[in-house]
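Report on the structure given below.
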Amino acid sequence: TALTNAPVATRFPAGFLWGAATASYQVEGAVREDGRTPSIWDTFSHTPGKVLNGDTGDVAVDHYHRWRDDVRLMADLGLTAYRFSVAWPRVQPTGRGPAVQRGLDFYRGLVDELLAQGIKPVVTLYHWDLPQELENAGGWPERDTAYRFAEYAGLVGEALGDRVESWVTLNEPWCSAFLGYGSGVHAPGRTDPAAALRAAHHLNLGHGLASSVLRDVLPARAQVGISLNPSVVRALTEAPADLDARRRIDALANRVFTGPLLKGAYPRDLITDTAAITDWSFVRDGDTAAIHQPLDFIGLNYYTPAVVSAARPDREGPRLDGHGASQHTPWPGADDVDFHHAPGELTAMNWPVDPTGLTDLLLDHTAQAPGIPLYVTENGAAYEDVVDAEGRVHDPDRIRYLHAHLAAVHDAIEQGADVRGYFLWSLLDNFEWAYGYGKRFGAVYVDYETQERIPKSSATWYSRVARSGGLPAES
Ligand code: PNW
């Protein structure tokens, strides 16, 4: 192809991490092994009607048994980092009490193999698999869950702190709070706007308490951060009502987290916008100070921007909420806002491709959090991948998507963003939450019958990028 030996046109900073990411429930399977108990995603996926085609993570891509082969695959691809998550119910099956050693052993083995291959492990402590017992006790809307999370973080920190440097407390707390407790399209599937706001606060608090515990148990060189999925929100027009819709969604998607994390306070406009839903009395004295901890990095997950307007009387068809079909809104107090498609081709998720959003996101966080390094902890796309007659998977759309988004990262770096690495979502095709196995995000194809792994042409392309440290002039 044109790529072979193509000169590198765009070079990234020395030491830039070339990674890929996964999450425990999406890849591990082995849900009843070695003492693991059900998480909210086991319960949810086994509830008829919640996940497309009734798919579950029972087997997923069997990473719990195939992890050695998967690490070899990463090494073959030349990756320099791997972001994975720890399944809380493997480590602390009831969400309380001492750690289960067999659960920790799995992650110790994985980390040791990564290190042996020269791949930097980046551990996410929570990528949505809350122990079901904690949900039975009220889940994230309950304050106690934040304390339980901090305790669990300490157990994992003690066990892996000698070999893991980079720690992500939470993955995408917006999804946990507002898809899990607001629209109900994610586990645990509750649809209560007040509970969603309480959950957001207790996730923030859990992050703050966990990062304090991690500072205590980890060596000084450890790096502790969080992965957010900010909405890059654009107003459909400059009309005041549309700009106000933008402000309201920015508060509910972004500033509800960055307010306490970066400034030590919830935004006043968020509190007034949601006054009919909650009085925010669940925020106690000292909470926002506990959340406002030093961050060694901010992880940003980006797929597509959002375009919003005030409710249009002439709108045809159902209101898009940007996040799947539900009768219930993930936007408490802002369910009158209309969402529109950004311009651009659609991926298999129906998400428009717009790499400029990633540059904007990185520059926006550079301005909001000066001096804090950034990582793109997820970026990628689902396409309808098929195995051809030669047994290969050719995915030029994904190569174009990745190339354009890496160029967008490079643009942000040139404009002053301190971006230290990029993690492709995902290493492998996997359980795509409410979409089950219907959407393939992997750089590596997985045959769900045989569990055979087939690197797609995008994996070959990405491995050349990783090995050369830059982008070719064209793909
Ligand atoms: C993120 N939304 O999920 C997650 O971190 C990954 O586990 C997931 O596989 C990936 O993005 C692709 O979807 C999201 O509806 C799921 O806004 C849904 C939404 C956003 C992110």
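The values are calculated or read from the model by the stated rules, or taken from the named source; none is laboratory data. Bear in mind the structure is a predicted one, so any value in this text is a computation, not a measurement. Here the Cβ is made from the backbone with ideal geometry for all residues, glycine too, and neighbour counts use every protein chain on show. When the accessible area is computed, the model is the full protein with side chains, heavy atoms only, and any ligands, DNA or RNA have been set aside. Shrake-Rupley method; radii C 1.70, N 1.55, O 1.52, S 1.80 Å.
In this rough spin-label picture, where each label sits 7 Å from Cα along the Cβ direction, the I277-A367 distance is 2.6 nm.
Can you classify the chain as rounded, prolate or oblate using the Cα gyration tensor, where a ≥ b ≥ c are the square roots of its eigenvalues, rounded means a/c under 1.5, and otherwise it's prolate if a/b beats b/c and oblate if not? Verdict is rounded for the chain.
Other residues lying with their Cβ under 15 Å from the Cβ of A265 contribute a combined charge of +1, Lys and Arg counting +1, Asp and Glu -1.
Taking Lys and Arg as +1 and Asp and Glu as -1, the other residues whose beta-carbon sits under 10 Å from that of D129 total 0.
Taking amide H as placed 1.01 Å from N in the peptide plane, the amide H of K120 sits under 5 Å from that of A81, Y82, each at least 5 places away or on another chain. For the chain, the solvent-accessible area works out to 37 Å² per residue, with a probe of 1.4 Å and every protein chain left in place. Using θ = phi - 60° in the Karplus curve 6.51 cos²θ - 1.76 cosθ + 1.60, the 3J(HN,Hα) couplings for segment 60-77 round to 6, 10, 6, 4, 4, 9, 9, 4, 5, 5, 5, 5, 4, 4, 4, 5, 4, 7 Hz; x is entered for Gly and Pro.
Answer rounded, prolate or oblate for segment 38-134, using the Cα gyration tensor with square roots of eigenvalues a ≥ b ≥ c: rounded when a/c is under 1.5, else prolate when a/b is larger than b/c, else oblate.
It comes out oblate by the Cα gyration axes.
Residue-wise HN-Hα couplings along segment 49-59, as the Karplus relation 6.51 cos²θ - 1.76 cosθ + 1.60 with θ = phi - 60° gives them from phi, are x, 8, 10, 3, 6, x, 5, 9, x, 3, 10 Hz; Gly and Pro carry x. On the beta carbon distance between R11 and H394, with R0 = 45 Å, the FRET formula returns roughly 0.95. Under Stokes-Einstein, with the Kirkwood radius over Cα pairs as Rh, the value for segment 270-396 at 4 °C and 1.567 mPa s is 70 µm²/s.
Rounded to the nearest 20 debye, the dipole size of the chain about its Cα centre is 820 debye, using +1 on the Cβ of Lys and Arg and -1 on the Cβ of Asp and Glu.
Rounded, prolate or oblate, given the Cα gyration tensor of segment 315-451, with a/c below 1.5 counting as rounded?
Oblate shape, in that a/c is at least 1.5 and b/c is the bigger or equal ratio.
Share of carbon and sulfur in the accessible area of segment 42-156 stands at 50%, probe radius 1.4 Å.
Near the amide H of K439, within less than 5 Å, lie the amide hydrogens of E432, all on another chain or at least 5 residues away, with H placed in the peptide plane.
For the chain, the share of DSSP beta bridges that are antiparallel, to the nearest 5, is 25%. Overall, the accessible surface of segment 318-475 at a probe of 1.4 angstrom is composed of carbon and sulfur to the extent of 50 percent. Only protein atoms count toward the accessible area here, which uses a 1.4 Å probe; on segment 189-242, the carbon and sulfur part of that area reaches 55 percent. Given R0 = 30 Å, the distance between the Cβ atoms of I454 and N53 translates into a calculated FRET efficiency of 0.85. Working from Cα pairs under 8 Å separated by at least six residues, relative contact order for the chain is 19 percent.
For K120, give me every one of the aspartates and glutamates with a C-alpha distance below 15 angstrom, ignoring sequence neighbours fewer than eight places off in its own chain. Here the aspartates and glutamates satisfying the reach criterion relative to K120 are D70, D76, D112, D162, E165.
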